[in-house]
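Taking it in order: structure first as structure tokens, then the write-up.
The values are calculated or read from the model by the stated rules, or taken from the named source; none is laboratory data. Remember, predicted model here, so these are calculated numbers, not experimental data. Reconstructed Cβ throughout: ideal geometry from the backbone, glycine too, with neighbour counts over all protein chains shown.
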């Protein structure tokens, strides 16, 4: 077996060599524990054509520096230096850092992830073990979702925690795939829901959708479209692009926006992609659009130079104050800058000059008078620390996790052991428990590694100087109860500097009283407004259905509400009711006046010859017939319904019985004049009274049975008219009603037959002629009454019945009593016994 000396010799000869080239960090400082950082400081990476014959050169970044991302990286440096100077957090321990530029590309981000697993030296000695040599214990970044996903898959295999400040893809909340991933910025799932509620809040139902063709844009837009569908929002178009796509693809997206009818555009786009799209849109004029932005670009002050986007609104991370950071960012001298190649490039780009040691020769040499505080770029914009604070929080969250692992308190004083061998898995465990406050800002993670979602609603507003400023106008807090998350506390300036909320709908809202009918082949937000059908209403805007009114209600003219149906019946206030009541009273008065004339001339031959007792009874019954028609006028009640039909039936039978008695008397009187006839003693006054009482009693019996078994009762007729209620009397038993009417018809028919038989009897004043005419009128009236009664709607049924009563009553009155009254009053010379008995006088 080898001795210890031999083992040591073997170990000293073991060398570990990195495959490929080493990628140097943009900023680095050694420390007891090293934290990695990855930021998209450049927009692009240099394209290299491989010939596969020689080893390719390391990938280099190209394009200008994103000064905002540079600020993020410098904020990480500031936070680490602040922690190193702290006596409360990690006292006695110095944190180091390795901060890389990913060039906003996945290949570089993956390369960086592998780089952070190893030492910066290409060859190193590890005592026979090449694993975990020079490994960073945790990583801050990346800024984009797609690079973060790629990095997490690599770092997660080694249990290295990754805390992102700007990767918002909801997919990263999946702990099955990304168990090592945390972030200080909320997931896009919350932002997507907030954006959908924002669009719904302002009544926009017809929008355009633009997204980055990346994990950030695709996943964010998918979440938004799902939330928008629940809110009833329609999307006219949904297009995607990426900054590395051919110009024709980006131009096509711009043309879709220009040709669209949707006024509102929701853009889930990364800042670098948005810059390229806005640049393309600015080439040609187009109709104003209201931009709704995701947090990634709407808070990027560099994009505010595109004036046609003024009025844009969206959600941004809450503003915060980081004491000392402003001075740290702006106190850069040329000597400090010269020590960093990244800062050198930034300095030369910003001031368009070259430092003395720079290889660039086509620029003038910087003379030392350059002042970074005079620059108007995102790096120097320290008025609103939003995402910068997310970087600051991420560093402090890692520091707190390290503190919990290597430090302990003794007598209230924190003591840390920097010689403790720290495993990344320990940091991963402690990060899940982190919960602290810094600068009045709470930091904690839920089981998915996400923070509480709180956004500010921000608005691009033009100042008096014409500069576009980012103004906070509201707040969204996902932790509040449903319906209370969203609030606006300041006026919003819309596109074209308008104070009026723009309208973006496929079809105008349907007013109450109408319903939506979808247009064939178009989204649900495109519809026609159709008036509600008869009898139905809608009382809300954009109603999809009309609801029928209750059976006692009817829509108003606009059909937006149900109002009680008007109740209709023949009343004493109606013109028809007044006329019929007047004729009823007139008829009763005529009957009474006739009775008075007959009573005054009761001893005259004409009165005595026409059976005065039956005449008086007939006049009384006619008076009752006229007056019973008044019971048909007015609102039906239980008593009026029972009274009107029974009174009518009984008084008419009494009337017809009297006429029938008079007809029989005429016939019997003629028979009595024949030799040997003794018929009148069988039909004298007692028999006449008994005939009238008997016939009337039968009708009384029919009415009594009717009232006992199934009497008439008041009802609301809802079927005769759709738009009104008819108050009327239900017959109860139709058999009873038609039995009453049939009995009257039977007596009238019998009386008519007898009167026809007696009309040619050779008396000078033969009453049978007048009875014949009266019965002819009576029967004609009631025969026509039946179809008219059945077919008349509503209150006209009652009018027909009253008309039939009055017409038949006036017929009897005029035909039987008018000739007699005329002779009594105007031809007294004919009111003699000689004239009445003279059978030969014409």
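A few comments on the model shown:
- Failed item, numbered, when residue 738 is tested on (1) surrounded by 15 or more Cβ atoms within 10 Å (Cβ to Cβ); (2) assigned to a helix (DSSP H, G or I): (1)
- Qualifying residue in the range 390-412 (condition: modelled with pLDDT under 90, buried (at least 16 other Cβ atoms within 10 Å of the Cβ) and either in a helix (DSSP H, G or I) or touching a strand residue (DSSP E or B) at 6+ places or on another chain (Cβ under 8 Å) (or both)): no
- Per-region count, the range 433-470, residues loosely packed, with under 15 Cβ neighbours inside 10 Å, more than 39 Å from the chain's Cα centre (by Cα) and not in a loop (DSSP other than H, G, I, E, B): 2
- Options 351, 385; residue that is crowded, with 18+ Cβ neighbours inside 10 Å and in contact (Cβ under 8 Å) with a residue 40 or more places away in the chain: 385
- Any hit, the range 204-214, residues being assigned to a helix (DSSP H, G or I) and more than 24 Å from residue 504 (Cα to Cα): no
- Among the criteria (1) surrounded by 24 or more Cβ atoms within 10 Å (Cβ to Cβ); (2) at pLDDT below 90, the one residue 162 does not fulfil is (2).
Quick grid of which residues meet (1) at pLDDT below 85; (2) outside any helix (DSSP H, G or I); (3) assigned by TED's automatic domain parsing to the domain that holds residue 65; (4) buried (at least 18 other Cβ atoms within 10 Å of the Cβ):
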residue	(1), (2), (3), (4)
336	yes, no, no, no
361	yes, yes, no, no
369	yes, yes, no, no
379	no, no, no, yes
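- Elements of the type strands (runs of 3 or more DSSP E) sitting completely within the range 19-121 and holding at least 2 residues that are more than 18 Å from residue 272 (Cβ to Cβ) and at pLDDT 90 or above: these cover 27-29, 33-39, 95-101.
- Any hit, the range 508-531, residues being surrounded by 14 or more Cβ atoms within 10 Å (Cβ to Cβ) and more than 22 Å from the chain's Cα centre (by Cα): no
- With respect to (1) farther than 30 Å from residue 276 by Cβ; (2) part of a strand (DSSP E or B); (3) modelled with pLDDT under 90, the lone exception for residue 9 is condition (2).
- Any hit, the range 191-200, residues being in contact with a strand residue (DSSP E or B) (Cβ under 8 Å, 6 or more places away or on another chain), in a loop (DSSP other than H, G, I, E, B) and surrounded by fewer than 24 Cβ atoms within 10 Å (Cβ to Cβ): no
- Qualifying residue in the range 131-141 (condition: modelled with pLDDT of 90 or more and under 23 Å from residue 278 (Cα atoms)): no
- From 572, 599, 616, residue being loosely packed, with under 14 Cβ neighbours inside 10 Å, touching a helix residue (DSSP H, G or I) at 6+ places or on another chain (Cβ under 8 Å) and assigned to a helix (DSSP H, G or I): 599
- Qualifying residue in the range 433-447 (condition: modelled with pLDDT of 90 or more, more than 25 Å from residue 176 (Cα to Cα) and touching a strand residue (DSSP E or B) at 6+ places or on another chain (Cβ under 6 Å)): yes
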